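All remarks here apply to the structure that follows.
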RNA sequence: GGGCGUAUAGCUCAGUUGGUUAGAGCGCACGGUUCACAUCCGUGAGGUCAUAGGUUCGAGUCCUAUUACGCCCACCA
């Protein structure tokens, strides 16, 4: 392999490069698992499908970055990496968008009818559908687009139908009237998960319940209109205030309907008035209570939450109008006591934000107990791991207390439930047929309801691969590997995928769940249009590039925790991309220094000079660390460590030092330095590729390399032979000496950086290295000549000094030396050393430490003590010379 | 009412299984147009690691309690 000597541009043109490189990758088929041999181990991620009509927001940017990172990493490890992309029909969300559009046209879905509405929605999907996937491409997402799926595709619809029919046949799906959360605006049932309760201040109304015999029982409620649906009043049997009323009749205010006064321990004597009105048709607690006491159930609401015929004179009024009117009427009838303000949790629809009403309605449910048991076991047994682990507890708690899942929605956009009804015994729905095809015979009417969106999403890991058919993809790529998604949809989606996967394929759909948090702004606030703090990922990409946004997103946080994204960090990541660019540019420009054929392999460890031994030792330790971090899904920390290696060690030290062999060295030294530079840079580009794919791919093309493309290059492995603690220590002393000189020049004496100085060094045990690598000082702190002192030689008086281990560097600055300042500095160091030494001596004299601490820790302390003592003796000597 | 998370430099955050003198970015101060880079380089100031106990040879890291903020779950009208 010879180097292709191409001139590098001054900077990376993100806009141009991203598009060109992405197309090149895709055209070469590298996003497909088929890019690897047929027997390669698969690694599969199913993309959490974004809403088909959505636009990319910062949350998408986070998930796609993390998933792409894992996919690229595993691909480089030689696996058949498959990232299955797709979109979700998002029942409620999409239907709402289309309804809004119709409203703007002055019509409505009811006006145009179901068929026309669906046609319009599909049209909307065709228009908006490509947006989000094309936006994902801009972020570098290396999905297999040939396998892209949509939840309403024929194949996925077939899977949905199959699952529904099988569950029905297994007796796990039932239909019946139940109290469900009803969304009056959307006019559909919603599941418990789709209801959010937050504290709000409302009014608590106290009123008098008329009791037979002319007495009044005081009762409190936050929803007076539900009085009209009361079918009992309950008191605690222990409550002496009311025991005499138990069994008597009460009369519903304004309706005068007769209802019983019952006793139940459920009633809290301390709360409110101690008496509870029971409304089974519109309250979950009361519903349970009514089952226990066999009470009548009355529904007083229409689908739009206006009151129905059961509400007497209030029929036709909106629930809030009815509340006001009823209360006014009760006031007039002297049945009110007071209304005070009260803080409680109000259930609102997650979608529309409107107040949800518990309401009796006939819905389809899935019995969850047996299915949930499988889901629990899989995680308990470790067949599925959740990262971070703490979410396993949350998962257990939910599954242990799971309720049956209400899967029917009174919407039009979605998978229609494969059921048909026929009249029987006067009941128009007396006979139910569930099947893959419509029933034979006459008189059947199809079910109008569709399925909860999450019903189809729950099948995603296998439905996207072709299930229920035993396709080649199902055989090869199922189960998938990692499910990466937000912790906010652990119940909605992850738990259901696990349950459905286990139930229908008998395998966990993935072995690991990796959960990320919410992306927030730099002050930790949620993004909101009202605050105006929304960060548009595409604006970031335009301004800084996709790589910088990706790097910032990954390195800003830790698994499971929310990410506070600071635009300054995106900018810094852009600067980091530039840093790699410039470092590579330096190497590429020096390729012309190659003498003869360049050997791309690394020289043997012992033949290397000290700086090379040092940087390769640091590099291989970095590889080991990064590997450990990747193994435990700590990608952010891995990215930060790579960044730090390049920016704090490789570029400012090794690269600078290498200029000596490159510019002044013998041919062999030049080549060795280049081999180390290229190897180190090459390794860094490989390690960074999953984080910042575009710029690394581009840079890799400039340095000498083997292979077609970085995206399919091998992931680095650490080579223990190059790990060298001794070299790290020795190089560390040289680096610290340079720092001492810089400190003296910059801070103590304010010497122009351009001015060359001479140095005198008492080298202690580092004589040969300082002698051999004196050029380090000339390169890095502008030292012209170094005078190495013989052992026991007197130290120069007119000089500033700095001590590192047992070596001292002197800068002879005749006439400039401020002895007083020197002594202040020396005394301060003296003090520090005494303190540090005392501490270590204390530790080492502790027998428990010496016997119990690991040997290497003890040894490290001993080594340190030796260095500190050597430094102290030099400081002491200096003090006795200078400070009288 | 349960459960969980967070608390480290002025700000935003790292700190892997407990082990040198706790780090980064931004900001701040001082100095820099040397042939990779001003999207930069060098140097520096700045921290009782929320509080109080405890375990340990050794605690930012483990345990207990407390405080503050945030999140999730739950049927008190």
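Throughout, read-outs are computed from the coordinates displayed, never taken from laboratory work. Keep in mind the model is a prediction, meaning the values are calculated, not measured. With ideal geometry, Cβ positions are generated from the backbone for all residues, glycine too; neighbour counts draw on all protein chains shown.
Multiplying the residue separation of residue A:100 and residue A:788 by 0.36 nm and removing their Cα-Cα distance gives an extension gain of 239.3 nm. A compact globular protein would have a Cα radius of gyration near 2.2 N^0.38 Å; the ratio found for chain A is 1.28. Taking the number of Cβ atoms within 10 Å of each Cβ as an exposure proxy, the fewest-first ranking of A:518, A:565 is A:518, A:565. From most to least packed by mean Cβ count within 10 Å, the peptides A:781-787, A:243-249 give A:781-787, A:243-249. Each residue in A:182, A:122 was given a count of other beta-carbon atoms within 10 angstrom of its own, and listing them fewest first yields A:122, A:182. Ordering A:883, A:143 by the number of other Cβ atoms within 10 Å of each residue's own Cβ, fewest first, gives A:883, A:143. Could you give P(r) for segment A:706-785, binned at 10 Å from zero, as whole percent values over all Cα-Cα pairs? Answer for segment A:706-785: a P(r) of 15, 36, 20, 16, 13, 1 percent.
For chain A, the longest principal axis of the Cα atoms and the long axis of helix A:496-505 meet at an angle of about 80 degrees.
For chain A, the longest principal axis of the Cα atoms and the long axis of helix A:693-702 meet at an angle of about 30 degrees. Across segment A:89-123, the residues whose backbone nitrogen lies under 14 Å from the label position 7 Å along the beta-carbon direction of residue A:446 are A:114-119. Would segment A:569-643 count as rounded, prolate or oblate if I go by the C-alpha gyration tensor, calling it rounded below 1.5 in a/c and otherwise prolate when a/b exceeds b/c, oblate otherwise? It comes out oblate by the Cα gyration axes. From helices alone, chain A scores -13500 deg cm²/dmol at 222 nm; the rule is -39500 (n - 2.57) for each run of n ≥ 4 DSSP H residues, then divide by the residue total. I'd like the orientation of helix A:546-555 relative to chain A: the angle between its Cα long axis and the longest Cα principal axis, in ° from 0 to 90, rounded to 10. The answer is roughly 80 degrees. Normalised by the number of residues in chain A, what is the relative contact order in percent for Cα pairs under 8 Å and 6+ residues apart? Relative contact order here is 13 percent. Modelled spin-label separation between residue A:883 and residue A:533, with each label point placed 7 Å from Cα along the Cα-to-Cβ direction: 5.0 nm.
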